[in-house]
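The values are calculated or read from the model by the stated rules, or taken from the named source; none is laboratory data. Nothing here was measured: the structure is a model prediction, and the numbers come from that model. Using ideal geometry, Cβ is built from the backbone for each residue, glycine included, and neighbour counts are taken over all protein chains shown.
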Amino acid sequence: MTIRRRLTLSFLAILALFSLNLAIYFWSNLRRQATVESLRRAISAQVLIASINQNVNDLNKQVSLLSQVATDAAGGAAPAGADPAELSVFNGQIDAVSSQISELSELAEGAARTKVESFAKTYLDLGRSWKLFYSNFGVNQSKAITELAIRAEPLSGKVLREFLPELQRDEKSRVDAASANFYKVARLTDRITILIFALSSVFATAVAYSVSRYLTRGLRRLKEGAEAIGSGNLDQRIALPAKDELGDLAQGFDAMAANLSAARAELTLAHEQEKRKSEELSLTLDQLRRTQDQLIVQQKLASLGALTAGIAHEIKNPLNFVTNFAEILVDMLGDLRQDLGRAAEGVSDLLADLEQNAAKIREHGKRADSIVLGMLMHSRGQSGARQTINLNLLLAEYVKLAYHGMRAQDASFNVTIEEDYDSSIGPISAIPHDLSRVFLNVANNAFYAVHQKKLRAGDAFSPTLSVRTRNLGRSAEIRIRDNGDGIPEEIRQKVFEAFFTTKPAGQGTGLGLSMSYDIVVQEHRGEIRIESEPGRFAEFIITLPKGAGFE
Amino acid sequence: MGRLTLFLFFAVAALTSAVASAGDVAIVVRADLPADNLSFSEVRKLFTGDRQFWSSNLRVTLLIRAPAARERDMVLKTIYQMTEAQFRQYWISKVFRQEAASGPKIVYSNEMTAELVFAIPGAVAFVDASQVPKGLKVLKIDGRLPGEKGYPLH
């Protein structure tokens, strides 16, 4: 059933109840009017009987006292007869009572009417007797008195003491009955009206409750469904089996939810695909960037290596001559010192100076040779053989070696070394000779940094080197951290370039970290990076694959 | 003829009564009335209207002479013990209070009294004891007839 038809039927039902209430009201009104009319007739009859009683009494008193009064008026003599006018008035009074009795007869009903008719007949005889009395009074006084005593008085006694009291009782009973009936009807109609009104109210309330409950339930389900769909639950369906407007609306909602769900699934799929593609592109881009960086570095190193090889080759030969001839010169000066003996002290001093100069030439020649050797090794790009090593032991050994090297150069140098080695790393595959150079270079730079800061800051600064390893599963991580001045961002970009150094001239070649980078990244397929906060610390982080990735 | 007979009847009766009880007032009723002797108080009740029936079906009809008659004066004095004015007032009040269906009927002569007593069953009247019409019954009062010693209406 549609909502429109449901509401129309409800309205018609309530209209029918309203009509029923109206009909009950009019019916009650008619019943009350009927009882009021009955009561009015009874009261009118009662009033009329009282009036008749009064009039008959008056007439009776009049005829009873007439002879005495008239005699007194006549001074004890026989009164004269009544004049016609007085007789006419007297007869009129009797006839007026007759009219009242006729009126009473019309008001009477049923058995009461029979009584009234009997009363009317008796009164008619009484009236005739009174008229006869009055017409003979003063004319034939004996006849008048005889008529009065023999007929009128018994009749008046019957009328006044039998008929009228009985009629009064009857009418009083009739009034009481009509009054009781009036109240009875009033109570009955009131009860029926209240009952019908109560039933109508209950029915109307039930209809209104039923319709409103049906509508609110349907609307609530629609609201819940709409809220669920609005909150993103597109699988929500509105279970409303009604075949009406609400049912149509629910079906529309369900269809909308289904369409939205399908559209969202398509969008989600497309989004996932796009996201996957984006991630893939991002990975590819990162890989490309790394590859590009490596290519650039390799290209630089390759060109640098070639250049270095050329330079080294060109310089090595003269250096060999300088070194060789300096050694020969030292030997020759030694021989000459032996030959000269103790001949001349002055020559001896000169020879000592020559020997010292030749030694310096040799020393610096060897140093230059060492540099050239390093350049050649750098240009060749690899050295040594792979072995299974204990990373923690190798690291600890070369950190200590670097520390003692620093102590050898400056006995006042001191540093706190904090070590934290992860024993779970286990053996890894590496080239220990090259890897030791990496650890040595990084540790040397760290010691140098804290030493320089100590020289500036004095006792207020406590140099510290922190060395830690960590097992990352398929790789191992080494962290070497010093609390020196740190490395500014602009310098951090260049520290792995060859010949770049921040040390004063003569104290650094600028090749240590460049070689370290090659050893870690190219030889071991690892990573080396720097974290630093200028003024506080610098930390080198080296990640080495345990075995996989080696060629 | 009827009137002559009636006249003769009353004349004879008057003469007889005058001889028998001069000055007394007799209470007369019809001969068929079921009463012969009344006490004085019963007489008072009758004439004051307190007793209105001789029997259940026989109504008492009082007949009393018009003012100035000797019988009336006697009755007012001995039975009613009232003046004329009091007597009138008494009956008017009684009728208006409906204590009596009717008042006494006024008669103007002994003839009229006799005629009405004969005609009305239950009628009771006063007449001069010396003029009691024939055919009417004279009631005893306290066992005494008019003319006897101790008769109250003397």
Report task. Inspect all residues belonging to segment A:87-96 and state whether any of them is surrounded by 13 or more Cβ atoms within 10 Å (Cβ to Cβ), of a type in the set (S, T, N, Q), more than 14 Å from chain B (Cβ to nearest Cβ) and farther than 26 Å from A:Ala149 by Cα. Result -> no
Query raised in the report: Pick from segment B:104-114 the residues that are touching a residue at least 24 places away in the same chain (Cβ under 8 Å) and at the interface with chain A (Cβ under 8 Å from one of its Cβ atoms): which of them is farthest from the chain's Cα centre (by Cα)?
Result: B:Tyr108
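Can you tell me which residues in segment A:228-244 are assigned to a loop (DSSP other than H, G, I, E, B) and not hydrophobic (A, V, I, L, M, F, W, C)? Please lay out each step first, then the result.
Filtering segment A:228-244 for residues assigned to a loop (DSSP other than H, G, I, E, B) gives A:231-244.
A:Ser231, A:Gly232, A:Asn233, A:Asp235, A:Gln236, A:Arg237, A:Pro241, A:Lys243, A:Asp244, listed by residue number.
For the structure I just gave you, tell me whether A:Ala78 is of a type in the set (Gly, Ala, Ser), within 20 Å of B:Lys105 (Cβ to Cβ) and part of a helix (DSSP H, G or I). Spell out how you get there, then give the answer.
Details: of a type in the set (Gly, Ala, Ser): yes; within 20 Å of B:Lys105 (Cβ to Cβ): yes; part of a helix (DSSP H, G or I): no.
Judged against the criteria, A:Ala78 is not a match.
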Report task. Working only within segment A:421-443, note down all residues that are surrounded by fewer than 19 Cβ atoms within 10 Å (Cβ to Cβ) and either out of contact with any strand residue (DSSP E or B) (no Cβ under 7 Å at 6 or more places or on another chain) or on the phi > 0 side of the Ramachandran plot (or both). Result -> A:Ser423, A:Gly426, A:His433, A:Leu440
Query - Unique residue being in a helix (DSSP H, G or I), acidic (Asp, Glu) and either within 60 Å of the chain's Cα centre (by Cα) or away from chain B (no Cβ under 11 Å) (or both) when the list is A:Glu153, A:Glu147, A:Glu171 - result: A:Glu171
Report summary line: Condition set over 27 Å from A:Gly458 (Cα atoms) and basic (Lys, Arg), scope segment A:472-498, selection modelled with the lowest pLDDT: answer is A:Lys494
Query raised in the report: Could you list, in sequence order, the residues of segment B:45-84 that are within 27 Å of B:Gly23 (Cα to Cα), within 10 Å of another protein chain (Cβ to nearest Cβ) and more than 15 Å from the chain's Cα centre (by Cα)?
Result: B:Ala68, B:Glu84
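Condition check ((1) at pLDDT 85 or above; (2) more than 40 Å from the chain's Cα centre (by Cα); (3) over 25 Å from A:Phe18 (Cα atoms)) across all residues:
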position: A:Ser179; (1), (2), (3): yes, yes, yes
position: A:Thr193; (1), (2), (3): no, yes, no
position: A:Leu199; (1), (2), (3): yes, yes, no
position: A:Val207; (1), (2), (3): yes, no, no
position: A:Arg217; (1), (2), (3): no, no, yes
position: A:Arg221; (1), (2), (3): no, no, yes
position: A:Gly225; (1), (2), (3): no, no, yes
position: A:Gln236; (1), (2), (3): no, no, yes
position: A:Gly247; (1), (2), (3): no, no, yes
Requested in this report: Would you check if there is a residue in segment A:2-14 being among the hydroxyl-bearing types (Ser, Thr, Tyr), over 51 Å from the mean Cα position of the chain (by Cα) and either farther than 22 Å from A:Ala112 by Cα or assigned to a helix (DSSP H, G or I) (or both)?
Outcome: no
Query raised in the report: Consider B:Glu148 against the criteria (1) among the acidic types (Asp, Glu); (2) in a loop (DSSP other than H, G, I, E, B); (3) surrounded by 18 or more Cβ atoms within 10 Å (Cβ to Cβ): it satisfies all of them except one. Which criterion is unmet?
Result: (3)
Query raised in the report: Before we move on, is A:Asn55 at pLDDT 85 or above, within 30 Å of B:Ala101 (Cβ to Cβ) and assigned to a helix (DSSP H, G or I)?
Result: yes
Query raised in the report: Only one of A:Ser135, A:Ser179 is in a helix (DSSP H, G or I) and more than 20 Å from A:Phe90 (Cβ to Cβ); which?
Result: A:Ser179
Query raised in the report: Take the residues of segment B:115-138 that are within 14 Å of chain A (Cβ to nearest Cβ) and among the hydrophobic types (A, V, I, L, M, F, W, C): which is nearest to A:Ser142 (Cα to Cα)?
Result: B:Leu116
Query - Qualifying residue in segment A:74-85 (condition: surrounded by 19 or more Cβ atoms within 10 Å (Cβ to Cβ), under 28 Å from B:Gln89 (Cα atoms), in contact (Cβ under 8 Å) with a residue 40 or more places away in the chain and away from chain B (no Cβ under 14 Å)) - result: yes
Requested in this report: For B:Phe87, indicate whether it is free of Cβ contacts under 8 Å to residues at least 60 places away in the same chain and under 17 Å from A:Val63 (Cα atoms).
Outcome: no
Requested in this report: Kindly list the number of the only condition in (1) among the basic types (Lys, Arg); (2) within 14 Å of chain B (Cβ to nearest Cβ); (3) within 60 Å of the chain's Cα centre (by Cα) that fails for A:Lys61.
Outcome: (3)
